[in-house]
Amino acid sequence: MSGFGVFSAGGGAARVGWRDGGEVVDLSGLGEVFRQRSLNALLARGPAAWRDAVAAAQAHDGPRVPLADATLHLPFAVADYVDFSSSLEHATNMGRLFRPDGEGLLPNWLRLPVAYHGRAGSVAVSGTGVIRPHGQLKARDAAEPVFAPTRRLDAELELGFVVGVPSVPGVPVPVSAFADHVFGVVLVNDWSARDIQGWESAPLGPFLGKSFLTSISAWVTPLSLLEPFRVEARPQEPPALPHLAGGRDWALDLDVELELNGEVVSRGNARTLYWTMPQQLAHATSNGAALRSGDLMASGTISGAEHGSEGSLIELSRNGREPLRLADGSERTFLEDGDEVVLRGGAGAVTLGEVRGRVLPAVQHPYRD
């Protein structure tokens, strides 16, 4: 496993490290940029500095700390967070679940990478507990909504990319400039309260059903390490409009999996995504919105065409109609208190940082009896 992160150990200050198997290589001796409490200073330096940093980290013989003795921190200060819907299979599955009497895909989905703007302040590092959120819930046969803890807590298996170099306000970033601005990737779990989401989403889309927590790995894998796993993306029909055309050689052949309570319940691959990362970046800036160092943009749930490759429980359980039976004999439709979800991914010698989270009970809410 390789990647940059931020760690502390033995009472020392947080600083930048390089993950090497079961150890963290302390990079603070390489210069001031590696003595920071986040990667943002490195992110802003650009591709040439990133390549030098990877080479220096791989060659550095500085102090090593066993991973078990290190405290891992959020690796970068998140400037903005955007979550796309890039999987054709996931979008179709969710459309059929949320709009059973309508089309699986809305007319715009094949024309642009649909997205919602998330809450940067609720992005947390792997290992952070998932407190069951409160919200308005309304069963289909209920006359009125109620305010209560979610009953349909879900996980989402996603791949996110981290922006390094900012862009100029008012100047869109073309598909071809993707690697000039993006530092690396992380695994993302965009935890979702499906009952809150379903009630609130018309007409403006997800809000409180998503914004309570988004978990990312403690390690950011540089793009340069993923070059061997770049493949051509699936064909797009209809063809993308000119400002979104291109970037199809940026599908990533990375295996991904979702583990629930020690058992892998989903296996997929990021290469199946319909919209690529360069297209997502180009769309996000096509109206002139500027990039900032530390922007996080996630793929949305990665789901394949085969049953068992869906990256969320709502899909795996067919919205609760077909419970998952685990090896210990228990069943799950959605997550219960005490459940632990772990996301993993990688290919060849490159392993992405895992994302781990355990569900904690809802807290007593001041507006609820």
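Bear in mind these aren't lab numbers, they're just calculated from the coordinates by the rules spelled out. Computed from a predicted model, the values in this text were never measured in an experiment. No Cβ is skipped: glycine too gets one built from the backbone with ideal geometry, and neighbour counts run over all protein chains shown.
Here are a few things to note about the model shown:
- Single residue of the range 249-278 satisfying the filter (touching a helix residue (DSSP H, G or I) at 6+ places or on another chain (Cβ under 8 Å) and assigned to a helix (DSSP H, G or I)) that is surrounded by the most Cβ atoms within 10 Å (Cβ to Cβ): Met277
- Matching option when the condition is among the hydrophobic types (A, V, I, L, M, F, W, C), more than 17 Å from the chain's Cα centre (by Cα) and crowded, with 22+ Cβ neighbours inside 10 Å, among Val168, Val162, Val186, Val173: Val173
- Evaluating Val82 against the criteria (1) more than 29 Å from Asp195 (Cα to Cα); (2) buried (at least 18 other Cβ atoms within 10 Å of the Cβ) leaves one unmet condition, (1).
- The set of residues in the range 94-119 being touching a residue at least 40 places away in the same chain (Cβ under 8 Å) and assigned to a loop (DSSP other than H, G, I, E, B) consists of Leu110, Arg111, Leu112, Pro113, Gly118, Arg119.
- Residue in the range 30-50 that is more than 24 Å from Phe178 (Cβ to Cβ) and either in contact with a Phe, Trp or Tyr (Cβ under 7 Å, 6 or more places away or on another chain) or exposed (fewer than 14 other Cβ atoms within 10 Å of the Cβ) (or both) present: yes
- Extreme residue, nearest to Leu244 (Cα to Cα), among residues of the range 165-179 that are in contact with a helix residue (DSSP H, G or I) (Cβ under 7 Å, 6 or more places away or on another chain) and hydrophobic (A, V, I, L, M, F, W, C): Val175
- All of (1) over 22 Å from Arg119 (Cα atoms); (2) in contact (Cβ under 8 Å) with a residue 24 or more places away in the chain hold for Pro323 with one exception: (2).
- Selection of the range 196-216 for residues being in a helix (DSSP H, G or I) and crowded, with 24+ Cβ neighbours inside 10 Å yields only Ile196.
- Condition met for Asp101 (of a type outside the set (Lys, Arg) and closer than 27 Å to Val355 by Cβ): no
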